[in-house]
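Taking it in order: structure first as C-alpha coordinates, then the write-up.
The values are calculated or read from the model by the stated rules, or taken from the named source; none is laboratory data. Source: prediction; values computed, not measured. Quick note on the areas: whole protein, heavy atoms, side chains included, nothing else; ligands and nucleic acids left out. Shrake-Rupley method; radii C 1.70, N 1.55, O 1.52, S 1.80 Å.
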Amino acid sequence: MSKDKEEQQNVQVVGRFRPFNRREKELGIEESHGLFSTTDTTVTVNKKDDKGNDIVFGMTRVFNMESTQEDLYENVAAKAMRELFNGYNATIFAYGQTGSGKSWTMFGDRDNLALRGLVPRCSEHIFQTIMSGQGGGAEFTISCSYVEVYQEKLQDLLKPENDDLQIREDSIKGVYVSGLSHEYVGNVADIYKLIAIGDASKKRCATKMNPNSSRSHCCFSLELEVSQPNGKKSQSALNLIDLAGSERIAKTGATGLTLEQAKKINLSLTTLARVIQALVDKQRVPYRESVLTRLLQNSLGGNSKTCMMVGLSPHIDNLDETITTLRFAQSCSRIQNTIKKNTVLSAAELQAMLEATKRELAQLANGGRPGVEMRESECQTQDGADEELWSYDDSAKEQKIRGQIGEQVTYLEQQIQSEKDAHEITKKKLESRTLEIESMNERVEYMTTKAAEYEQQMTIYKQSHEKVFIQQNTIENLERKLITVENEASGYKEQMQQLQSEIDELEESLNEAKQEVERLATLNKQLNENHENEQKANKKKSIFQWKGNGSGGSAQLNNNNNNNN
(Lines give C-alpha, C1' and ligand atoms only; values in the text may rest on other atoms or scores of the structure.)
Protein backbone atom coordinates (compact mmCIF):
# COMPACT_ATOMS: atom_id res chain seq x y z
CA MET A 1 0.00 0.00 0.00
CA SER A 2 1.13 3.55 -0.59
CA LYS A 3 1.73 5.79 2.39
CA ASP A 4 -1.26 8.03 1.79
CA LYS A 5 -2.09 10.72 4.29
CA GLU A 6 -4.00 9.41 7.27
CA GLU A 7 -6.91 11.27 8.78
CA GLN A 8 -9.14 10.91 11.82
CA GLN A 9 -12.89 10.55 11.41
CA ASN A 10 -15.59 9.88 13.97
CA VAL A 11 -18.03 7.02 13.56
CA GLN A 12 -21.27 8.33 12.07
CA VAL A 13 -24.48 7.38 13.92
CA VAL A 14 -27.92 7.18 12.31
CA GLY A 15 -31.20 6.37 14.09
CA ARG A 16 -34.36 5.01 12.50
CA PHE A 17 -37.74 4.58 14.17
CA ARG A 18 -39.80 1.78 12.68
CA PRO A 19 -43.64 1.85 12.66
CA PHE A 20 -45.61 0.09 15.40
CA ASN A 21 -45.67 -3.67 14.84
CA ARG A 22 -48.54 -6.07 15.43
CA ARG A 23 -47.49 -6.96 18.98
CA GLU A 24 -47.28 -3.30 19.96
CA LYS A 25 -50.68 -2.56 18.45
CA GLU A 26 -52.17 -5.41 20.45
CA LEU A 27 -50.65 -3.92 23.62
CA GLY A 28 -52.11 -0.53 22.72
CA ILE A 29 -50.35 2.50 21.27
CA GLU A 30 -52.22 5.38 22.93
CA GLU A 31 -49.58 5.97 25.63
CA SER A 32 -46.78 5.80 23.03
CA HIS A 33 -47.97 8.75 20.95
CA GLY A 34 -45.72 11.72 21.60
CA LEU A 35 -43.24 9.65 23.60
CA PHE A 36 -40.41 10.66 21.23
CA SER A 37 -39.77 13.91 19.37
CA THR A 38 -37.29 14.00 16.51
CA THR A 39 -35.45 16.48 14.34
CA ASP A 40 -33.00 15.65 11.56
CA THR A 41 -30.21 15.28 14.13
CA THR A 42 -31.82 14.75 17.57
CA VAL A 43 -34.08 12.35 19.44
CA THR A 44 -35.86 13.69 22.50
CA VAL A 45 -37.45 11.30 25.00
CA ASN A 46 -40.41 13.18 26.43
CA LYS A 47 -39.94 11.64 29.85
CA LYS A 48 -38.19 13.56 32.59
CA ASP A 49 -34.89 12.34 34.00
CA ASP A 50 -33.87 12.53 37.67
CA LYS A 51 -33.26 16.29 37.33
CA GLY A 52 -36.64 16.93 35.71
CA ASN A 53 -35.22 17.45 32.19
CA ASP A 54 -36.14 15.79 28.91
CA ILE A 55 -33.56 13.29 27.67
CA VAL A 56 -31.99 14.45 24.38
CA PHE A 57 -29.64 12.44 22.16
CA GLY A 58 -27.66 13.94 19.31
CA MET A 59 -27.02 11.90 16.15
CA THR A 60 -25.61 12.35 12.66
CA ARG A 61 -29.08 11.81 11.19
CA VAL A 62 -32.48 10.71 12.49
CA PHE A 63 -35.25 9.09 10.44
CA ASN A 64 -38.81 8.94 11.75
CA MET A 65 -41.47 6.25 11.22
CA GLU A 66 -42.46 7.67 7.81
CA SER A 67 -38.96 7.27 6.36
CA THR A 68 -38.50 5.01 3.33
CA GLN A 69 -35.79 2.60 2.28
CA GLU A 70 -34.82 5.13 -0.39
CA ASP A 71 -34.33 7.82 2.28
CA LEU A 72 -31.91 5.59 4.21
CA TYR A 73 -29.97 4.70 1.10
CA GLU A 74 -29.57 8.22 -0.28
CA ASN A 75 -28.49 9.71 3.07
CA VAL A 76 -26.34 6.86 4.39
CA ALA A 77 -25.27 4.15 1.94
CA ALA A 78 -24.81 6.29 -1.18
CA LYS A 79 -22.05 8.22 0.61
CA ALA A 80 -20.35 4.95 1.57
CA MET A 81 -20.46 3.81 -2.05
CA ARG A 82 -18.70 6.96 -3.21
CA GLU A 83 -15.99 6.39 -0.61
CA LEU A 84 -15.63 2.80 -1.83
CA PHE A 85 -14.84 3.97 -5.38
CA ASN A 86 -12.39 6.53 -3.96
CA GLY A 87 -10.36 3.71 -2.39
CA TYR A 88 -11.64 3.89 1.20
CA ASN A 89 -12.99 1.05 3.30
CA ALA A 90 -16.52 1.61 4.58
CA THR A 91 -18.76 -0.14 7.08
CA ILE A 92 -22.46 0.12 7.84
CA PHE A 93 -23.77 -1.98 10.67
CA ALA A 94 -27.25 -2.22 12.17
CA TYR A 95 -27.65 -2.36 15.94
CA GLY A 96 -30.70 -2.49 18.21
CA GLN A 97 -32.98 -4.68 20.28
CA THR A 98 -34.62 -7.72 18.70
CA GLY A 99 -37.46 -6.79 16.34
CA SER A 100 -36.32 -3.17 15.87
CA GLY A 101 -36.12 -3.39 12.06
CA LYS A 102 -32.39 -3.99 11.54
CA SER A 103 -32.64 -6.81 8.99
CA TRP A 104 -35.43 -4.99 7.16
CA THR A 105 -33.24 -1.91 6.78
CA MET A 106 -30.24 -3.96 5.62
CA PHE A 107 -31.98 -6.38 3.24
CA GLY A 108 -35.66 -5.47 2.88
CA ASP A 109 -37.63 -7.12 0.07
CA ARG A 110 -35.45 -7.64 -3.01
CA ASP A 111 -38.47 -8.42 -5.19
CA ASN A 112 -40.06 -5.02 -4.51
CA LEU A 113 -38.15 -2.05 -5.94
CA ALA A 114 -39.45 0.38 -3.31
CA LEU A 115 -38.76 -1.96 -0.38
CA ARG A 116 -35.20 -3.07 -1.22
CA GLY A 117 -32.78 -2.63 1.66
CA LEU A 118 -29.25 -1.24 1.75
CA VAL A 119 -27.51 -4.47 0.62
CA PRO A 120 -29.35 -4.88 -2.72
CA ARG A 121 -29.23 -1.13 -3.39
CA CYS A 122 -25.46 -0.99 -2.80
CA SER A 123 -25.00 -4.00 -5.07
CA GLU A 124 -26.89 -2.23 -7.85
CA HIS A 125 -24.98 1.02 -7.25
CA ILE A 126 -21.62 -0.64 -7.97
CA PHE A 127 -22.62 -1.86 -11.42
CA GLN A 128 -24.54 1.30 -12.27
CA THR A 129 -21.40 3.35 -11.54
CA ILE A 130 -19.22 1.05 -13.64
CA MET A 131 -21.65 0.97 -16.56
CA SER A 132 -21.97 4.77 -16.50
CA GLY A 133 -18.33 5.01 -17.67
CA GLN A 134 -17.08 6.99 -14.64
CA GLY A 135 -14.03 4.73 -14.30
CA GLY A 136 -12.04 6.48 -17.02
CA GLY A 137 -10.71 3.29 -18.62
CA ALA A 138 -10.06 1.50 -15.32
CA GLU A 139 -10.61 -2.22 -14.85
CA PHE A 140 -12.93 -3.27 -12.03
CA THR A 141 -12.92 -6.55 -10.14
CA ILE A 142 -15.77 -7.22 -7.70
CA SER A 143 -16.04 -10.06 -5.22
CA CYS A 144 -18.37 -10.91 -2.35
CA SER A 145 -18.15 -12.76 0.94
CA TYR A 146 -20.85 -13.65 3.46
CA VAL A 147 -19.94 -14.76 6.99
CA GLU A 148 -21.99 -15.52 10.09
CA VAL A 149 -21.06 -15.39 13.79
CA TYR A 150 -23.15 -18.08 15.47
CA GLN A 151 -22.54 -18.95 19.11
CA GLU A 152 -19.00 -17.55 18.91
CA LYS A 153 -18.12 -19.54 15.77
CA LEU A 154 -17.55 -18.24 12.27
CA GLN A 155 -19.39 -19.94 9.40
CA ASP A 156 -18.98 -19.23 5.70
CA LEU A 157 -22.56 -18.75 4.50
CA LEU A 158 -21.54 -19.22 0.86
CA LYS A 159 -19.89 -22.55 1.73
CA PRO A 160 -21.71 -23.74 4.87
CA GLU A 161 -19.39 -26.72 5.29
CA ASN A 162 -16.73 -24.19 6.43
CA ASP A 163 -18.30 -23.76 9.87
CA ASP A 164 -15.31 -23.11 12.14
CA LEU A 165 -13.24 -20.40 10.47
CA GLN A 166 -10.49 -18.53 12.30
CA ILE A 167 -9.58 -14.84 12.39
CA ARG A 168 -5.96 -13.98 11.52
CA GLU A 169 -3.92 -10.81 11.33
CA ASP A 170 -0.79 -9.75 9.45
CA SER A 171 0.97 -6.53 8.51
CA ILE A 172 -0.30 -6.57 4.94
CA LYS A 173 -3.92 -7.76 5.18
CA GLY A 174 -4.63 -6.58 8.69
CA VAL A 175 -7.44 -8.53 10.41
CA TYR A 176 -9.11 -11.09 8.12
CA VAL A 177 -11.04 -14.38 8.21
CA SER A 178 -8.80 -17.22 7.10
CA GLY A 179 -10.41 -19.63 4.63
CA LEU A 180 -13.42 -17.42 3.91
CA SER A 181 -14.59 -17.79 0.31
CA HIS A 182 -14.63 -14.71 -1.94
CA GLU A 183 -16.85 -15.16 -4.97
CA TYR A 184 -16.26 -13.01 -8.07
CA VAL A 185 -19.40 -11.48 -9.60
CA GLY A 186 -20.17 -9.93 -12.96
CA ASN A 187 -23.63 -8.45 -12.42
CA VAL A 188 -26.29 -7.78 -9.80
CA ALA A 189 -28.00 -11.11 -10.48
CA ASP A 190 -24.80 -12.90 -9.39
CA ILE A 191 -24.86 -11.02 -6.08
CA TYR A 192 -28.54 -11.81 -5.53
CA LYS A 193 -27.81 -15.50 -6.05
CA LEU A 194 -25.04 -15.37 -3.43
CA ILE A 195 -27.33 -13.56 -0.98
CA ALA A 196 -30.00 -16.22 -1.50
CA ILE A 197 -27.44 -19.00 -0.91
CA GLY A 198 -26.25 -17.31 2.28
CA ASP A 199 -29.75 -16.55 3.58
CA ALA A 200 -30.68 -20.21 3.22
CA SER A 201 -28.01 -21.10 5.82
CA LYS A 202 -28.63 -18.28 8.31
CA LYS A 203 -29.94 -19.24 11.74
CA ARG A 204 -33.43 -17.90 12.51
CA CYS A 205 -36.35 -18.75 14.75
CA ALA A 206 -39.56 -17.23 16.10
CA THR A 207 -39.81 -15.54 19.50
CA LYS A 208 -42.57 -13.57 21.21
CA MET A 209 -40.82 -10.36 20.15
CA ASN A 210 -39.96 -11.30 16.57
CA PRO A 211 -41.49 -14.02 14.35
CA ASN A 212 -38.31 -14.13 12.22
CA SER A 213 -35.54 -13.44 14.73
CA SER A 214 -31.90 -13.66 13.63
CA ARG A 215 -29.93 -15.93 15.92
CA SER A 216 -26.55 -14.83 14.63
CA HIS A 217 -24.57 -11.78 13.51
CA CYS A 218 -23.79 -11.69 9.79
CA CYS A 219 -21.51 -9.63 7.58
CA PHE A 220 -21.98 -9.28 3.81
CA SER A 221 -18.91 -7.71 2.13
CA LEU A 222 -18.49 -6.16 -1.29
CA GLU A 223 -14.80 -5.96 -2.25
CA LEU A 224 -13.75 -3.68 -5.09
CA GLU A 225 -10.39 -3.62 -6.87
CA VAL A 226 -9.77 -0.81 -9.35
CA SER A 227 -6.79 -1.05 -11.72
CA GLN A 228 -5.93 2.21 -13.49
CA PRO A 229 -4.28 2.29 -16.94
CA ASN A 230 -1.08 3.76 -15.36
CA GLY A 231 -0.65 0.67 -13.15
CA LYS A 232 -1.97 2.11 -9.91
CA LYS A 233 -4.55 0.11 -8.03
CA SER A 234 -6.93 0.57 -5.13
CA GLN A 235 -8.46 -2.16 -3.03
CA SER A 236 -11.43 -1.26 -0.85
CA ALA A 237 -14.27 -3.06 0.89
CA LEU A 238 -17.80 -2.23 2.00
CA ASN A 239 -18.93 -4.26 5.01
CA LEU A 240 -22.69 -4.43 5.56
CA ILE A 241 -23.28 -5.95 9.00
CA ASP A 242 -26.60 -7.08 10.44
CA LEU A 243 -26.16 -7.66 14.18
CA ALA A 244 -28.52 -9.94 16.06
CA GLY A 245 -30.72 -7.98 18.45
CA SER A 246 -30.24 -7.75 22.18
CA GLU A 247 -32.93 -9.69 24.05
CA ARG A 248 -34.70 -9.66 27.38
CA ILE A 249 -35.59 -13.28 28.06
CA ALA A 250 -38.73 -12.30 29.98
CA LYS A 251 -40.09 -10.64 26.82
CA THR A 252 -38.93 -13.11 24.18
CA GLY A 253 -39.91 -16.22 26.13
CA ALA A 254 -36.78 -18.01 24.88
CA THR A 255 -36.17 -21.55 26.14
CA GLY A 256 -33.87 -24.43 25.26
CA LEU A 257 -31.62 -23.79 22.26
CA THR A 258 -33.20 -20.38 21.66
CA LEU A 259 -32.24 -19.39 25.21
CA GLU A 260 -28.63 -20.52 24.69
CA GLN A 261 -28.50 -18.53 21.45
CA ALA A 262 -29.82 -15.45 23.27
CA LYS A 263 -27.14 -15.78 25.95
CA LYS A 264 -24.37 -15.86 23.32
CA ILE A 265 -25.89 -12.91 21.46
CA ASN A 266 -26.16 -10.78 24.60
CA LEU A 267 -22.63 -11.75 25.69
CA SER A 268 -21.11 -10.68 22.36
CA LEU A 269 -23.06 -7.40 22.40
CA THR A 270 -21.88 -6.73 25.95
CA THR A 271 -18.29 -7.23 24.80
CA LEU A 272 -18.98 -4.88 21.89
CA ALA A 273 -20.13 -2.22 24.38
CA ARG A 274 -16.92 -2.69 26.39
CA VAL A 275 -14.81 -2.35 23.24
CA ILE A 276 -16.59 0.88 22.32
CA GLN A 277 -16.13 2.30 25.80
CA ALA A 278 -12.43 1.40 25.75
CA LEU A 279 -12.03 3.15 22.39
CA VAL A 280 -13.76 6.25 23.75
CA ASP A 281 -11.63 6.24 26.90
CA LYS A 282 -8.48 5.42 24.87
CA GLN A 283 -7.70 2.39 27.01
CA ARG A 284 -6.64 -1.14 26.10
CA VAL A 285 -9.31 -2.46 23.70
CA PRO A 286 -10.48 -6.06 24.37
CA TYR A 287 -11.07 -6.98 20.72
CA ARG A 288 -10.01 -10.60 21.27
CA GLU A 289 -12.61 -11.33 23.95
CA SER A 290 -15.32 -11.98 21.35
CA VAL A 291 -15.39 -13.26 17.78
CA LEU A 292 -17.76 -10.41 16.89
CA THR A 293 -15.50 -7.63 18.18
CA ARG A 294 -12.47 -9.24 16.55
CA LEU A 295 -14.36 -9.29 13.26
CA LEU A 296 -15.27 -5.61 13.70
CA GLN A 297 -11.74 -4.51 14.64
CA ASN A 298 -11.07 -2.74 11.34
CA SER A 299 -14.47 -1.01 11.48
CA LEU A 300 -14.19 0.27 15.06
CA GLY A 301 -10.98 2.17 15.62
CA GLY A 302 -9.37 0.92 12.42
CA ASN A 303 -9.12 1.87 8.76
CA SER A 304 -12.77 2.30 7.82
CA LYS A 305 -15.34 5.03 7.35
CA THR A 306 -17.97 3.58 9.63
CA CYS A 307 -21.65 4.33 10.11
CA MET A 308 -23.81 2.70 12.79
CA MET A 309 -27.54 2.49 12.04
CA VAL A 310 -29.59 1.91 15.21
CA GLY A 311 -33.09 0.48 14.99
CA LEU A 312 -35.54 2.12 17.40
CA SER A 313 -38.98 1.09 18.66
CA PRO A 314 -41.53 3.90 19.22
CA HIS A 315 -43.55 1.94 21.83
CA ILE A 316 -43.52 2.64 25.55
CA ASP A 317 -43.16 -1.08 26.32
CA ASN A 318 -39.67 -0.92 24.78
CA LEU A 319 -38.71 2.46 26.23
CA ASP A 320 -35.85 1.18 28.41
CA GLU A 321 -34.31 -0.77 25.52
CA THR A 322 -34.68 2.22 23.18
CA ILE A 323 -32.94 4.57 25.65
CA THR A 324 -30.15 2.01 26.14
CA THR A 325 -29.71 1.81 22.34
CA LEU A 326 -29.56 5.60 22.03
CA ARG A 327 -26.91 5.81 24.76
CA PHE A 328 -24.92 3.09 23.02
CA ALA A 329 -25.12 5.01 19.73
CA GLN A 330 -23.99 8.22 21.42
CA SER A 331 -20.92 6.41 22.77
CA CYS A 332 -20.12 5.09 19.30
CA SER A 333 -20.23 8.59 17.86
CA ARG A 334 -17.14 9.48 19.97
CA ILE A 335 -14.99 6.74 18.41
CA GLN A 336 -12.32 7.99 16.02
CA ASN A 337 -11.14 5.80 13.18
CA THR A 338 -7.81 6.32 11.43
CA ILE A 339 -8.56 6.14 7.73
CA LYS A 340 -6.54 6.31 4.56
CA LYS A 341 -6.91 5.43 0.91
CA ASN A 342 -6.06 1.84 0.10
CA THR A 343 -4.00 2.62 -2.98
CA VAL A 344 -1.21 0.41 -4.27
CA LEU A 345 1.74 1.92 -6.15
CA SER A 346 2.83 0.32 -9.38
CA ALA A 347 5.90 -1.90 -9.37
CA ALA A 348 7.90 0.76 -11.25
CA GLU A 349 7.05 3.42 -8.64
CA LEU A 350 8.01 1.11 -5.78
CA GLN A 351 11.26 0.20 -7.49
CA ALA A 352 12.13 3.88 -8.04
CA MET A 353 11.47 4.63 -4.34
CA LEU A 354 13.68 1.72 -3.33
CA GLU A 355 16.55 2.87 -5.56
CA ALA A 356 16.32 6.43 -4.18
CA THR A 357 16.39 5.10 -0.61
CA LYS A 358 19.42 2.92 -1.34
CA ARG A 359 21.25 5.95 -2.75
CA GLU A 360 20.55 7.85 0.46
CA LEU A 361 21.93 4.96 2.48
CA ALA A 362 25.06 4.90 0.33
CA GLN A 363 25.56 8.63 0.91
CA LEU A 364 25.26 8.14 4.66
CA ALA A 365 27.76 5.30 4.53
CA ASN A 366 30.24 7.70 2.81
CA GLY A 367 29.64 10.44 5.40
CA GLY A 368 27.31 12.50 3.28
CA ARG A 369 23.90 13.83 4.06
CA PRO A 370 20.98 12.10 2.44
CA GLY A 371 19.79 13.91 -0.62
CA VAL A 372 23.07 15.95 -1.04
CA GLU A 373 25.71 14.94 -3.59
CA MET A 374 29.36 14.97 -2.37
CA ARG A 375 32.05 17.02 -4.14
CA GLU A 376 35.72 16.25 -3.60
CA SER A 377 36.63 19.91 -2.90
CA GLU A 378 34.05 19.98 -0.12
CA CYS A 379 35.61 16.95 1.59
CA GLN A 380 38.84 18.76 2.50
CA THR A 381 39.55 21.54 4.94
CA GLN A 382 41.70 24.60 4.20
CA ASP A 383 44.86 23.01 5.65
CA GLY A 384 44.43 19.98 3.30
CA ALA A 385 43.48 17.53 6.02
CA ASP A 386 41.32 14.62 4.85
CA GLU A 387 38.41 15.49 7.11
CA GLU A 388 34.84 14.97 5.98
CA LEU A 389 32.97 18.17 5.43
CA TRP A 390 29.64 16.71 6.60
CA SER A 391 30.59 14.96 9.79
CA TYR A 392 27.94 14.34 12.42
CA ASP A 393 28.61 15.38 15.95
CA ASP A 394 25.33 13.86 17.05
CA SER A 395 25.78 10.13 16.44
CA ALA A 396 22.32 9.42 17.88
CA LYS A 397 20.76 11.63 15.21
CA GLU A 398 22.73 9.87 12.48
CA GLN A 399 21.68 6.50 13.86
CA LYS A 400 18.06 7.63 13.89
CA ILE A 401 18.24 8.75 10.27
CA ARG A 402 19.88 5.46 9.30
CA GLY A 403 17.17 3.58 11.19
CA GLN A 404 14.38 5.53 9.52
CA ILE A 405 15.81 4.97 6.08
CA GLY A 406 16.39 1.32 6.91
CA GLU A 407 12.76 1.00 7.92
CA GLN A 408 11.73 2.65 4.70
CA VAL A 409 13.88 0.23 2.70
CA THR A 410 12.38 -2.71 4.57
CA TYR A 411 8.89 -1.32 4.03
CA LEU A 412 9.52 -0.80 0.33
CA GLU A 413 11.00 -4.26 -0.05
CA GLN A 414 7.95 -5.70 1.67
CA GLN A 415 5.70 -3.69 -0.58
CA ILE A 416 7.57 -4.84 -3.68
CA GLN A 417 7.33 -8.43 -2.49
CA SER A 418 3.66 -7.90 -1.71
CA GLU A 419 3.19 -6.41 -5.17
CA LYS A 420 4.96 -9.40 -6.70
CA ASP A 421 2.77 -11.75 -4.69
CA ALA A 422 -0.29 -9.77 -5.72
CA HIS A 423 0.94 -9.88 -9.31
CA GLU A 424 1.24 -13.66 -9.10
CA ILE A 425 -2.23 -13.89 -7.60
CA THR A 426 -3.56 -11.60 -10.33
CA LYS A 427 -1.76 -13.68 -12.92
CA LYS A 428 -3.37 -16.83 -11.57
CA LYS A 429 -6.71 -15.06 -11.53
CA LEU A 430 -6.19 -13.98 -15.13
CA GLU A 431 -5.24 -17.51 -16.09
CA SER A 432 -8.32 -18.78 -14.31
CA ARG A 433 -10.40 -16.12 -16.00
CA THR A 434 -8.86 -17.01 -19.34
CA LEU A 435 -9.94 -20.60 -18.82
CA GLU A 436 -13.35 -19.39 -17.75
CA ILE A 437 -13.57 -17.17 -20.84
CA GLU A 438 -12.52 -20.07 -23.06
CA SER A 439 -15.09 -22.24 -21.36
CA MET A 440 -17.65 -19.48 -21.79
CA ASN A 441 -16.68 -19.09 -25.46
CA GLU A 442 -17.19 -22.81 -25.94
CA ARG A 443 -20.45 -22.47 -24.15
CA VAL A 444 -21.39 -19.52 -26.36
CA GLU A 445 -20.53 -21.51 -29.48
CA TYR A 446 -22.55 -24.42 -28.18
CA MET A 447 -25.44 -22.12 -27.34
CA THR A 448 -25.13 -20.42 -30.75
CA THR A 449 -25.36 -23.81 -32.44
CA LYS A 450 -28.27 -24.73 -30.22
CA ALA A 451 -29.86 -21.39 -30.98
CA ALA A 452 -29.55 -22.03 -34.72
CA GLU A 453 -31.06 -25.47 -34.25
CA TYR A 454 -33.77 -23.97 -32.13
CA GLU A 455 -34.41 -21.30 -34.77
CA GLN A 456 -34.71 -24.01 -37.40
CA GLN A 457 -37.03 -25.98 -35.17
CA MET A 458 -39.02 -22.84 -34.53
CA THR A 459 -39.36 -22.29 -38.30
CA ILE A 460 -40.58 -25.86 -38.73
CA TYR A 461 -42.81 -25.43 -35.74
CA LYS A 462 -44.23 -22.18 -37.13
CA GLN A 463 -44.94 -23.88 -40.45
CA SER A 464 -46.49 -26.82 -38.66
CA HIS A 465 -48.33 -24.44 -36.44
CA GLU A 466 -49.74 -22.63 -39.47
CA LYS A 467 -50.89 -25.94 -40.89
CA VAL A 468 -52.30 -26.93 -37.56
CA PHE A 469 -53.96 -23.53 -37.36
CA ILE A 470 -55.53 -24.02 -40.80
CA GLN A 471 -56.58 -27.54 -39.87
CA GLN A 472 -57.88 -26.28 -36.58
CA ASN A 473 -59.93 -23.63 -38.37
CA THR A 474 -61.22 -26.31 -40.75
CA ILE A 475 -62.07 -28.53 -37.81
CA GLU A 476 -63.78 -25.65 -36.07
CA ASN A 477 -65.80 -24.90 -39.23
CA LEU A 478 -66.71 -28.57 -39.52
CA GLU A 479 -67.60 -28.65 -35.86
CA ARG A 480 -69.84 -25.63 -36.35
CA LYS A 481 -71.44 -27.30 -39.39
CA LEU A 482 -71.77 -30.51 -37.42
CA ILE A 483 -73.48 -28.61 -34.64
CA THR A 484 -75.80 -27.05 -37.21
CA VAL A 485 -76.49 -30.46 -38.76
CA GLU A 486 -77.00 -31.95 -35.31
CA ASN A 487 -79.42 -29.16 -34.50
CA GLU A 488 -81.23 -29.73 -37.79
CA ALA A 489 -81.14 -33.48 -37.20
CA SER A 490 -82.54 -32.89 -33.76
CA GLY A 491 -85.40 -30.93 -35.35
CA TYR A 492 -85.88 -33.66 -37.95
CA LYS A 493 -85.78 -36.22 -35.20
CA GLU A 494 -88.57 -34.43 -33.37
CA GLN A 495 -90.56 -34.24 -36.62
CA MET A 496 -89.89 -37.91 -37.29
CA GLN A 497 -91.02 -38.76 -33.78
CA GLN A 498 -94.18 -36.73 -34.34
CA LEU A 499 -94.76 -38.40 -37.74
CA GLN A 500 -94.05 -41.79 -36.24
CA SER A 501 -96.56 -41.04 -33.53
CA GLU A 502 -99.12 -40.05 -36.18
CA ILE A 503 -98.27 -43.18 -38.22
CA ASP A 504 -98.70 -45.30 -35.12
CA GLU A 505 -102.09 -43.67 -34.56
CA LEU A 506 -103.03 -44.25 -38.23
CA GLU A 507 -101.86 -47.84 -38.04
CA GLU A 508 -103.88 -48.30 -34.93
CA SER A 509 -106.95 -46.73 -36.67
CA LEU A 510 -106.26 -48.85 -39.75
CA ASN A 511 -106.09 -51.98 -37.64
CA GLU A 512 -109.34 -51.02 -36.00
CA ALA A 513 -110.86 -50.37 -39.45
CA LYS A 514 -109.55 -53.70 -40.70
CA GLN A 515 -111.03 -55.42 -37.72
CA GLU A 516 -114.33 -53.63 -38.34
CA VAL A 517 -114.21 -54.58 -42.05
CA GLU A 518 -113.42 -58.16 -41.12
CA ARG A 519 -116.28 -58.12 -38.62
CA LEU A 520 -118.63 -56.65 -41.20
CA ALA A 521 -117.39 -59.08 -43.84
CA THR A 522 -117.95 -61.96 -41.45
CA LEU A 523 -121.40 -60.61 -40.60
CA ASN A 524 -122.18 -60.09 -44.28
CA LYS A 525 -121.00 -63.57 -45.02
CA GLN A 526 -123.21 -64.91 -42.31
CA LEU A 527 -126.15 -62.89 -43.63
CA ASN A 528 -125.51 -64.14 -47.14
CA GLU A 529 -125.27 -67.67 -45.91
CA ASN A 530 -128.48 -67.22 -43.98
CA HIS A 531 -130.14 -65.67 -47.00
CA GLU A 532 -128.99 -68.48 -49.25
CA ASN A 533 -130.14 -70.99 -46.73
CA GLU A 534 -133.53 -69.32 -46.54
CA GLN A 535 -133.76 -69.23 -50.31
CA LYS A 536 -132.85 -72.85 -50.51
CA ALA A 537 -135.38 -73.64 -47.86
CA ASN A 538 -138.09 -71.65 -49.60
CA LYS A 539 -137.22 -73.22 -52.87
CA LYS A 540 -137.57 -76.71 -51.44
CA LYS A 541 -140.76 -75.75 -49.80
CA SER A 542 -142.21 -74.38 -53.02
CA ILE A 543 -141.27 -77.46 -54.91
CA PHE A 544 -142.80 -79.60 -52.27
CA GLN A 545 -146.08 -77.73 -52.39
CA TRP A 546 -146.22 -77.88 -56.11
CA LYS A 547 -145.75 -81.56 -56.17
CA GLY A 548 -148.42 -82.12 -53.59
CA ASN A 549 -151.25 -80.21 -55.21
CA GLY A 550 -151.13 -81.84 -58.56
CA SER A 551 -153.09 -79.91 -61.12
CA GLY A 552 -153.55 -77.16 -58.79
CA GLY A 553 -149.84 -76.83 -58.14
CA SER A 554 -149.31 -74.03 -60.53
CA ALA A 555 -151.73 -71.82 -58.85
CA GLN A 556 -150.22 -72.65 -55.44
CA LEU A 557 -146.67 -71.81 -56.63
CA ASN A 558 -147.66 -68.48 -57.92
CA ASN A 559 -149.34 -67.71 -54.75
CA ASN A 560 -146.17 -68.57 -52.80
CA ASN A 561 -144.12 -66.44 -55.13
CA ASN A 562 -146.37 -63.55 -54.58
CA ASN A 563 -146.01 -64.01 -50.88
CA ASN A 564 -142.22 -64.06 -51.13
CA ASN A 565 -142.27 -60.91 -53.10
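Binning the alpha carbon pair distances of the stretch 110-222 at 5 angstrom intervals from zero yields the distribution 2, 10, 17, 19, 19, 15, 10, 5, 2, 1, 0, expressed in whole percent.
Rolling a 1.4 angstrom probe over the protein heavy atoms with all chains in place gives the stretch 62-109 an accessible area of 33 Å² per residue. Straight-distance candidates among the aspartates and glutamates for linking to LYS79, with alpha-carbon spacing under 20 Å and chain neighbours fewer than 8 residues away dropped: GLU6, GLU7, ASP40, GLU70, ASP71, GLU124, GLU223, GLU225, ASP242. Ligands, DNA and RNA left out, the accessible area of the stretch 431-548 computed with a 1.4 Å probe is 55% carbon and sulfur. For the stretch 174-249, the alpha carbon positions stretch 58, 29, 21 Å along the principal axes, listed from largest to smallest. Overall, the accessible surface of the stretch 125-193 at a probe of 1.4 angstrom is composed of carbon and sulfur to the extent of 45 percent.
Among the lysines, select those whose C-alpha is under 24 Å from the C-alpha of LYS514, and discard any that sit fewer than 8 residues away in the same chain. Qualifying lysines at Cα under 24 Å: LYS525. Panel note: the C-alpha atoms of the stretch 20-59, placed on their principal axes, show extents of 32, 25, 12 Å (largest first). Binning the alpha carbon pair distances of the stretch 217-263 at 10 angstrom intervals from zero yields the distribution 22, 25, 19, 15, 11, 7, 0, expressed in whole percent. The stretch 227-271 and the stretch 114-187 have Cα centres lying 15 Å from one another. Net length available on complete extension from GLN456 to ALA352 is 31.2 nm, with 0.36 nm assigned per residue and the Cα-Cα distance removed.
Cross-link partners for LYS462 among the lysines, with Cα-Cα distance under 19 Å and sequence neighbours closer than 8 places in the same chain left out: LYS450.
Shown in residue order for the stretch 245-256 are the 3J(HN,Hα) couplings computed by the Karplus curve 6.51 cos²θ - 1.76 cosθ + 1.60 at θ = phi - 60°: x, 5, 10, 9, 4, 4, 8, 7, x, 5, 9, x Hz (x for Gly and Pro).
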